[in-house]
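Heads up: the structure comes next, in structure tokens.
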Amino acid sequence: MHALSRRLRTRLATRFARWIRARQGEDRLPLTLRRNRLYILPTRAGLGFTALVVMMLLAGLNYGNSLALLLGFWLIGFLFVALVITHRNLQGLQLASATLSPAFAGDAARLSLQLTAPQRRRYALQLSLPSATARLDAVDCGGSARLECALPTVRRGRYPLERIGLQSTFPFGLFRAWTWLHLPFELIVYPVPRGVRALPASAEEADQGSAPLGAGHDEWSGLRPFRDGDSPRRVVWTAYARELPLFVKEYSGASAESLLLDFDRLGGLDTERRLEQLARWVIDAERRGARYALRLPGVRLDADSGPAHRRRALHELAVFGCAESGR
Amino acid sequence: MRLPAGSAWMLGVFAGAVALHADRLPPLYWLAAAACAVWRWYDDRRGAQRLPSIWLRVLIALGLLAGVLLQYRTVNGLAPGTALLVSMGSLKLLETRRDRDRYVMIGVALFLTLAAALDRQALLRAPLYFGVTAAACVALIYIGAGATTVPLRSALGLTLRTLLLAVPLAIALFLFFPRPAGTLWALPRETTALTGLGDSMTPGGISQLSESDAPAFRVRFFGAVPPPAERYWRGPVLHDFDGYTWRRERGRIYRMATLEYSGPAYRYKIMLEPHEGHWYFALEMPTGAPHAGVFMSFDYQLLSAEPVTEVVSYELTSHTATRSRDALSALAQRSATSLPPNRNPRSVAFARELRRRHAPVDAFIEAVLEHFRANGFSYTLTPEILDLDSVDDFLFNTRAGFCGHYASAFVTLMRAGGVPARVVTGYHGGEWNPIGGYYIVRQSDAHAWAEVWIDGRGWQRIDPTAVVVPERLTRGLYDVIPGAQSGVARFARRLPLLQRLRESWDAIDAWWQERIIGFDLRSQFALLRGLGFDAPQWRQLGWLVAAALVVWIVALLVLMARERPPRLNDPLAVCYRRLCNYCARRGVPRAPHEGAQAFAARLRRERPALAARVLPLLREYVELRYTPIAPDTGAQRLRRLRRELRRLRFGVA
């Protein structure tokens with residue numbers, strides 16, 4: 001019986017969620033929380049409070065007791081106003097931007113929403129996902145605040161972000177106003193960087209059998225303007241200090257160490273172990289400042305280095321073998 | 001460790017709600033509540049959860065339940081229910097761990113407030129009820145906030161604002177929400193001993209008359225007011241005498257003699273204070289019952305089916321002179337002349353002797369009154385206790401008493417002489433309250449007189465006390481007997497200002513009782529008639545409620561939708577905003593991303609004329625804002641800037 005009712009409830013909730021998703025569509029940032037996407041219902045405390053007020057009114061009517069009636073009517077008005085205040089606490093709130101940073105499996109991914117409150121100060125906002133919750137005390141009037149939420153991860157892969165509930169019961173806890181956010185985000189979970197195999201020899205070494213690992217000295221071939229994703233280590237800070245634009249040193253390809261991280265060369269391991277080993281290597285290679293190429297079945301990343309490259313490589317490892325998510 | 005704000009407010013609200021009942025509640029319960037609250041408080045402060053075990057709690061719960069049962073013999077009813085609620089609430093204090101428990105406690109506190117409102121509705125208590133309710137709302141904020149600190153000012157401000165916005169709706173619903181005409185189900189309540197007239201009278205057993213200033217009822221006359229000597233307010237009529245105590249007739253009903261009314265008709269409204277009895281008071285002699293649920297008994301008492309436990313108001317018409325041409329039935333005649341055998345023998349013998357000498361009824365009555373007048377009888381509020389043959393003792397021994405003694409003795413003599421007679425109790429007089437425009441009749445105005453049956457005229461009032469102290473009827477008790485007043489009242493009478501204050505307070509109290517507490521379906525219909533509905537109906541009330549609701553909600557939404565810009569406490573920022581608004585009104589609004597400098601540059605480009613006026617002030621603002629300046633010169637320059645700004649905005653030279 002209990003199991004049945006729970007199953008029924010889950011099914012109803014799923015239907016309802018799907019209906020809301022279809023009704024609201026996918027959210028594009030920045031978005032403003034308007035009335036048509038705000039929902040409000042009494043909380044358990046609110047239901048109890050309402051029952052109490054009804055009881056007051058019944059007692060007042062029955063005994064012709066004006067004072068009880070006055071108290072009851074006053075609290076009815078109070079309930080109404082509380083409902084409006086709770087609704088207004090969310091209404092007009094803006095979600096300026098959102099980021100979802102990837103994480104290694106087992107670590108927490110960070111979901112961060114930038115909220116701005118153009119009309120008035122907002123209080124006690126709560127973010128809720130099936131797997132995590134977070135709370136923000138206030139967003140100042142005209143200001144903005146960041147609501148951050150740590151999402152636990154278990155296995156590598158790409159996961160569509162569950163719908164996010166943004167809710168508030170401020171101020172009296174009698175009503176809960178909320179909205180559902182359907183952000184077009186995917187949670188990317190990298191494989192755990194783990195493995196004991198040594199970093200493969202550099203590509204040149206493998207080809208020519210010359211220069212030992214790590215001995216490549218930086219011989220730069222020229223400067224070029226900074227592009228997103230360039231390693232800060234290559235920025236010419238001295239030039240920047242002289243109020244010149246950001247420049248990045250470019251190295252001649254031959255002199256930089258170049259590694260090949262190849263899935264197929266990791267014999268004797270199953271797929272997940274291989275991905276974990278590759279993740280380990282990516283991190284180690286990046287830390288060493290080496291250029292590295294990645295080869296996976298069906299994936300080919302040319303040799304490069306820097307945070308952007310590292311991210312690309314880890315991303316490929318995370319989504320390897322996963323279908324595009326349904327969005 | 002500090003007590004969490006949610007817990008502190010919860011404790012406070014509960015304590016306040018219990019305090020509303022403190023004077024009625026047996027000490028056991030509020031002591032239990034206090035003990036539990038202290039335990040909770042101490043426990044919360046230490047941050048440790050060292051609360052009593054479940055077994056101990058169950059034990060305490062059973063103990064308190066047993067206490068309620070022992071004390072009240074029931075759990076049904078206001079007082080036992082309150083005691084039960086207080087004890088269960090106290091126990092709940094010992095196990096509040098989660099927010100849910102705290103919300104439950106707030107519910108208990110509100111319930112206790114409701115019980116208090118059902119119990120007593122005095123004007124002075126009403127603010128306490130509203131206060132506890134408002135505090136409960138503040139507590140809701142703090143419970144919901146959890147660990148987050150909420151400044152007290154904002155919590156109070158928010159609650160007050162919410163409650164104030166609710167007031168118009170509360171008033172509209174109070175006025176228009178249709179009330180049922182009667183009680184749907186009754187609340188068992190214990191009768192408390194209130195001061196006032198009882199349904200028996202034992203003049204011989206009283207050595208000191210109460211000097212209570214408490215109001216018995218208030219009367220508002222519509223039109224003519226009867227002269228002071230005619231202001232007899234009829235209450236319980238007493239028939240049965242055992243030689244010492246007069247009691248009401250029980251179980252026997254006689255035919256009511258039809259009355260012919262004469263003299264002017266007085267229309268008036270009485271606001272009767274609760275006295276727990278079934279009788280309504282009326283100016284002698286009312287023409288009938290005021291409304292359904294009240295009937296007139298054979299001895300012209302107004303009796304209601306329900307005891308008067310709350311203020312009731314009713315309208316009546318009375319005539320001060322009546323007669324009846326009916327004949328008294330033999331049974332009624334026997335009852336109205338019966339005396340206890342072998343009691344008051346001297347009085348009985350004296351009456352028979354007197355009657356033998358004065359055969360006509362009028363002459364006999366006059367002879368008895370003459371006896372009181374001529375033999376040194378006096379009026380006192382502190383009579384001696386009489387022995388069991390109380391009338392004998394009074395007539396031939398003490399010769400001093402108050403109205404009860406005279407009425408009792410007079411009726412006894414009448415009955416002994418063969419004239420049907422009975423004692424009527426009630427009030428006499430009334431004090432004019434010029435502020436409220438009504439007469440107030442106090443408990444100290446209680447009076448007793450006699451009624452005798454005269455063939456061809458029916459029951460006629462005889463007031464033997466008036467023979468002894470004729471001034472009593474025109475000047476009021478206080479002026480006749482200097483010691484008959486409580487100290488406060490005596491003091492108040494000497495100082496006109498104080499007297500005035502007392503009258504004002506009573507007028508406010510009367511207004512509260514009449515207009516607010518006594519507001520019912522009849523008042524609603526009267527209100528509807530005042531609004532122009534000729535035939536008031538429930539349905540019209542329903543429409544008015546709906547209309548009020550719609551208007552209120554729309555007003556609320558409009559009021560709340562008007563966004564106010566954030567309050568600035570910084571005078572310099574206020575100056576800047578005004579300056580920007582000034583430019584905006586002249587067609588050059590500052591864009592949100594523009595700083596003061598960029599805005600100034602754009603102004604110069606787009607509107608050189610405007611810029612010439614505004615720029616010096618803008619520059620001054622920038623300097624005051626962004627360059628380090630000594631505080632005193634800064635303040636001076638700020639004052640100058642504000643002056644300049646005023647000159648710019650209002651064109652003041």
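What distance in nm lies between label points placed 7 Å from Cα along the C-beta direction at B:ARG578 and B:ALA8?
Distance between label points: 3.9 nm.
Ignoring GluC sites (Glu not before Pro) that are buried or in helix or strand per DSSP, and keeping those with at most 12 other beta carbon atoms within 10 Å, what is the longest stretch of chain B between them?
Looking at chain B, B:191-562 is the longest stretch - no exposed GluC sites (Glu not before Pro) with at most 12 other Cβ atoms within 10 Å.
Over every pair of different alpha-carbon atoms in region A:63-146, take the mean of 1/r and invert it; report that Kirkwood radius in Å.
15.8
With N denoting the number of residues in region A:33-105, provide Rg(C-alpha) divided by 2.2 N^0.38 Å, to two decimal places. Walk me through the numbers on the way to the answer.
Details: Rg = 19.6 Å, N = 73, 2.2 N^0.38 = 11.2 Å.
Ratio of Rg to 2.2 N^0.38 Å for region A:33-105: 1.75.
Can you find, among A:ALA145, A:LEU129, A:GLN167, the residue farthest towards the positive end of the dipole of region A:119-199? Put +1 on the C-beta of Lys and Arg, -1 on that of Asp and Glu.
Of the candidates, A:LEU129 comes out farthest on the positive side.
Positive end of the charge dipole of the protein assembly as shown (Lys, Arg +1 and Asp, Glu -1 on Cβ, about the Cα centre): tell me which of B:GLY12, B:LEU559, B:VAL219 has its Cα farthest that way.
The listed residue farthest towards the positive side: B:LEU559.
Find the all-direction average of the projected area of the Cα convex hull for region B:399-446, expressing the result in square nanometres with one decimal place. Walk me through the numbers before you get to the answer.
Values: hull surface 18.0 nm².
Computing the convex hull of the Cα atoms and averaging its projections yields 4.5 nm².
Which trypsin sites (Lys or Arg not before Pro) in region A:227-315 sit in a loop by DSSP (not H, G, I, E or B) and have at most 11 other Cβ atoms within 10 Å of their own Cβ?
A:ARG227, A:ARG242
Grab the beta carbon distance between B:ASP199 and B:ASN397, set R0 = 25 Å, and tell me the FRET efficiency rounded to 0.05.
After rounding to 0.05, the efficiency reads 0.35.
Whenever you get a sec, line up B:ASP455, B:ASP506 from highest to lowest accessible area (probe 1.4 Å, protein heavy atoms).
Numbers: B:ASP455 120, B:ASP506 20 Å².
Per-residue accessible area, sorted high to low, gives B:ASP455, B:ASP506.
With only alpha-carbon atoms in the gyration tensor, what are the semi-axes of the equivalent ellipsoid for chain A, in Å, largest first? The partial results should precede the final answer.
Details: eigenvalues 640, 124, 38 Å².
Ellipsoid half-lengths, sorted descending, are 57, 25, 14 Å.
Principal axes first, then extents: for the Cα atoms of region A:1-147, list largest minus smallest coordinate on each axis, whole Å, largest first.
Result for region A:1-147: principal-axis Cα extents of 66, 50, 30 Å.
Quick one: which bits of region B:288-310 get at least 10 Å² less accessible when the partner protein chains are in, versus the chain alone, with a 1.4 Å probe?
B:GLU310
Treat every Asp and Glu Cβ in the protein assembly as shown as -1 and every Lys and Arg Cβ as +1, leave all other atoms uncharged, and give the resulting dipole magnitude about the Cα centre to the nearest 20 debye.
Magnitude of the dipole: close to 3800 debye.
Could you give me the ³J(HN,Hα) list for region B:327-336, computed from phi with Karplus coefficients 6.51, -1.76, 1.60 and θ = phi - 60°, whole Hz, x at Gly and Pro?
So the Karplus estimates, Gly and Pro as x, are 9, 7, 5, 4, 5, 5, 4, 5, 5, 7 Hz.
Could you go through region B:252-265 in sequence order and give the Karplus-derived ³J(HN,Hα) for each residue, using 6.51 cos²θ - 1.76 cosθ + 1.60 with θ = phi - 60°, rounded to whole Hz, and x for Gly and Pro?
Per-residue couplings from phi come out as 10, 10, 10, 5, 7, 6, 5, 10, 10, 8, 9, x, x, 8 Hz.
If you bin every alpha carbon distance in region B:243-309 into 5 Å steps from zero, what whole percent lands in each bin?
Bin by bin from 0 Å, the calculated values are 3, 13, 22, 24, 19, 12, 5, 1.
Just read off the accessible area of B:TYR42 with the full protein assembly in place, 1.4 Å probe, to the nearest 10 Å².
Around 120 Å² of this residue is reachable by solvent.
Can you compute 3J(HN,Hα) from phi for each residue in region B:579-586, using the Karplus curve 6.51 cos²θ - 1.76 cosθ + 1.60 with θ = phi - 60°, rounded to whole Hz and x for Gly and Pro?
4, 5, 4, 4, 5, 4, 5, 9
Rounded to a whole number, what % of the accessible area of the protein assembly as shown do carbon and sulfur atoms account for, probe 1.4 Å?
Reported share for carbon and sulfur atoms: 58 percent.
So how tilted is helix B:78-93 from the main axis of chain B? Cα-based, degrees 0 to 90, rounded to 10.
Here the helix axis deviates by roughly 30 degrees.
Can you tell me the orientation of helix A:271-288 relative to chain A, as the angle in degrees between its alpha-carbon axis and the longest Cα principal axis, to the nearest 10?
It works out to around 70 degrees.
Taking the radius of gyration and the Kirkwood hydrodynamic radius from Cα positions alone, what is the Rg/Rh ratio for region B:302-347, to two decimal places?
Across region B:302-347, the Cα-based Rg/Rh ratio is 1.16.
How many Å³ per residue does the convex hull of the Cα positions in chain B occupy?
Each residue corresponds to 261 Å³ of Cα convex hull volume.
Filter the trypsin sites (Lys or Arg not before Pro) in region B:298-392 down to the DSSP loop ones having no more than 16 other Cβ atoms within 10 Å, then list what survives.
Sparse-neighbourhood loop trypsin sites (Lys or Arg not before Pro): B:ARG325.
Let me test this: with uniform point scatterers at the alpha carbons of region B:340-429, what is the Debye-based log₁₀ I(q)/I(0) at q = 0.12, 0.22 1/Å?
Taken in order of the listed q values, log10 I(q)/I(0) reads -0.35, -1.17.
Just need the Rg to Rh number for region B:586-626, please, alpha carbons only, Kirkwood Rh.
Numbers: Rg = 9.8 Å, Rh = 10.4 Å.
Taking Rh as the inverse mean 1/r over Cα pairs, Rg/Rh reads 0.95.
Filter the chymotrypsin sites (Phe, Trp or Tyr not before Pro) in region B:287-318 to those in DSSP coil with at most 14 other Cβ atoms within 10 Å of their Cβ, and list the result.
Working: sites: B:PHE295, B:PHE298, B:TYR300, B:TYR314; in loops: B:PHE298, B:TYR300.
Answer by residue number: B:PHE298.
Kindly state, to the nearest 0.05, the FRET efficiency for B:VAL225 paired with B:TRP538, given R0 = 35 Å and r defined as their beta-carbon distance.
It comes to 0.45.
In 10 Å bins starting at zero, report the fraction of Cα pairs in the protein assembly as shown per bin as a rounded %.
Distribution as computed: 2, 8, 12, 13, 13, 12, 10, 8, 6, 5, 4, 3, 2, 1, 0, 0 percent.
Using only protein heavy atoms and a 1.4 angstrom probe, determine the accessible area buried between B and A, summed over both sides, in Å² to the nearest 100. Could the numbers behind the result be given before it?
Details: alone 33730 and 18850 Å², together 48280 Å².
For chain B against chain A, roughly 4300 Å² becomes buried.
Two decimals is fine: what's Rg over Rh for region B:79-170, C-alpha atoms, Kirkwood radius as Rh?
1.00
Quick one: grab the alpha carbon gyration tensor of region A:1-45, order the square roots of its eigenvalues as a ≥ b ≥ c, and give me rounded if a/c is under 1.5, else prolate or oblate depending on whether a/b is larger than b/c.
On the way: a/c = 3.99, a/b = 1.76, b/c = 2.26.
The shape class here is oblate.
Give me the tail of P(r) for region B:560-636 as a percent: Cα-Cα pairs with distance above 21 Å.
Roughly 33 percent, rounded to a whole number.
Given +1 on the Cβ of Lys and Arg, -1 on the Cβ of Asp and Glu, and no further charges, what dipole in debye does region A:42-181 carry about its Cα centre, rounded to the nearest 20?
Its charge dipole is roughly 300 debye.
What FRET efficiency comes out for A:LEU41 versus B:TYR261 if R0 is 51 angstrom and r is the Cβ-Cβ distance? Round to the nearest 0.05. Spell out each step's value before the answer.
Values: r = 65 Å, r/R0 = 1.27.
Efficiency, rounded to the nearest 0.05: 0.20.
Output the relative contact order of region A:21-98, whole-number percent, from Cα pairs under 8 angstrom with separation of 6+ residues.
Numbers: 51 pairs, mean separation 39.6, N = 78.
Reported relative contact order: 51 percent.
Tell me the relative contact order for chain B as a rounded percent, counting alpha carbon contacts under 8 Å between residues six or more apart.
Dividing the mean separation by the residue count of chain B yields 12 percent.
From Cα pairs below 8 angstrom and at least 6 apart in sequence, can you work out the relative contact order of chain A, rounded to a whole percent?
Relative contact order here is 15 percent.
Ratio of alpha-carbon Rg to the 2.2 N^0.38 Å globular estimate for region B:2-81, to two decimals, please.
1.23
Mind putting a number on the dipole of region B:2-83 about its Cα centre? Charges go on the C-beta only, +1 for Lys and Arg and -1 for Asp and Glu, and I need it in Debye to the nearest 20. Let's see the in-between values first.
Numbers: 8 positive and 3 negative charges, 38 e Å.
Using only the charged Cβ atoms, the result is roughly 180 debye.
Once the other residues with Cβ under 13 Å from the Cβ of A:ARG197 are scored (Lys, Arg +1; Asp, Glu -1), what is the net sum?
+2
Report, in degrees rounded to the nearest 10, the 0 to 90 angle that the Cα long axis of helix B:27-46 makes with the longest principal axis of chain B.
Once rounded, the angle reads 10 degrees.
Put +1 on the Cβ of every Lys and Arg and -1 on every Asp and Glu Cβ in the protein assembly as shown; which of B:LEU259, B:MET296, B:GLN121 then has its Cα farthest towards the positive end of the dipole?
B:GLN121
Given bins 5 angstrom wide, list per bin the percent of all Cα-Cα distances in region B:305-379, short to long.
Result returned by the calculation: 3, 9, 11, 15, 17, 13, 11, 10, 9, 3, 0.
Simple spin-label model, 7 Å along Cα-to-Cβ: B:LEU31 to B:HIS358 in nm?
Label at B:LEU31, label at B:HIS358, 6.3 nm between them.
The values are calculated or read from the model by the stated rules, or taken from the named source; none is laboratory data. Computed from a predicted model, the values in this text were never measured in an experiment. Positions of Cβ are backbone-derived with ideal geometry, glycine not excepted, and every protein chain shown enters the neighbour counts. The protein model used for the area step is the full one, side chains on, heavy atoms only, and it has no ligands, DNA or RNA in it. Shrake-Rupley method; radii C 1.70, N 1.55, O 1.52, S 1.80 Å.
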